[in-house]
1. Keeping the other protein chains in place, figure out the carbon and sulfur percent of the accessible area of chain A, with a 1.4 Å probe.
2. Please get the size of the charge dipole for the stretch A:5-96, origin at its Cα centre, with Cβ charges of +1 on Lys and Arg and -1 on Asp and Glu, quoted in debye to the nearest 20.
3. Just A:76, A:101, A:13 to compare: in a GNM of chain A, with alpha carbon springs under 10 Å, which one fluctuates most?
4. Top mean-square fluctuation among A:80, A:22, A:36, Gaussian network model of chain A, C-alpha springs under 10 Å?
5. What number comes out for accessible area per residue over the stretch B:1-66 if the probe is 1.4 Å? Units Å², please.
6. Normalized C-alpha radius of gyration of chain B, against 2.2 N^0.38 Å?
7. Which lysines does residue B:56 reach when only Cα atoms under 28 Å apart count, and residues fewer than 8 places away in its own chain are ignored?
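The values are calculated or read from the model by the stated rules, or taken from the named source; none is laboratory data. The structure presented is a predicted model; accordingly, all values stated were derived computationally and were not measured. In this analysis, Cβ positions are derived from the backbone assuming ideal geometry, glycine residues included, and neighbour counts consider all displayed protein chains. Heavy atoms of the whole protein, side chains included, go into the accessibility calculation; ligands, DNA and RNA do not. Shrake-Rupley method; radii C 1.70, N 1.55, O 1.52, S 1.80 Å.
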Amino acid sequence: EPEVTQTPSHQVTQMGQEVILRCVPISNHLYFYWYRQILGQKVEFLVSFYNNEISEKSEIFDDQFSVERPDGSNFTLKIRSTKLEDSAMYFCASSEFLGETQYFGPGTRLLVL
Amino acid sequence: SQQGEEDPQALSIQEGENATMNCSYKTSINNLQWYRQNSGRGLVHLILIRSNEREKHSGRLRVTLDTSKKSSSLLITASRAADTASYFCATHIGGTSYGKLTFGQGTILTVHP
């Protein structure tokens, strides 16, 4: 069964450093998403992406964040200058149709020191 | 106000018993989705119920939706120890929302063998 994959599974970085989180969505899906989950808290929407542009973003998704689909398979989330509060599990998701079932990857656990 | 609030926050039952988790939300929705998350892992999609549906079944899962009360319930019948996980409801409001899911805090289910 097709699945969303994410790399790396864990990332430790120093405050102020740039990180790139990578995702490979399910191949025939057209809609892509990033969510995050701070430890012990609810899953929060960051951004949705369709047709090579951002469709919607949350207040969390400020200028420090960017997303890109550099080729036909990868979908990346970049955090330009990480802060301590960016420590969280980051989930990528994809869906075939808008508003339908979203399939989540296993997540990248980011720790900012 | 929060969109998507589950109760109870934690539920502890014996194997073989049924588990019922509830979700309430504030605004009109297009659909509501239930996800499972094993400790520290990714989100697994369980079931999607649309706003014009009242009940859906999938294996041992039964989901109901009452749009007049803005609530949903997830019933797991004949629970197993492997059902131990956190369960989240997530709402999609449709309209101008480009697929954004809003998650609740989740219910932590523990099934004792």
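1. 48
2. Working: 8 positive and 12 negative charges, 48 e Å.
Its charge dipole is roughly 240 debye.
3. Maximum among the listed residues: A:101.
4. For chain A, modelled as a Gaussian network with Cα springs under 10 Å, the answer is A:80.
5. Values: 3470 Å² over 66 residues.
So the stretch B:1-66 comes to 53 Å² accessible per residue, rounded to a whole number.
6. 1.02
7. A:42, B:26, B:69, B:70, B:100
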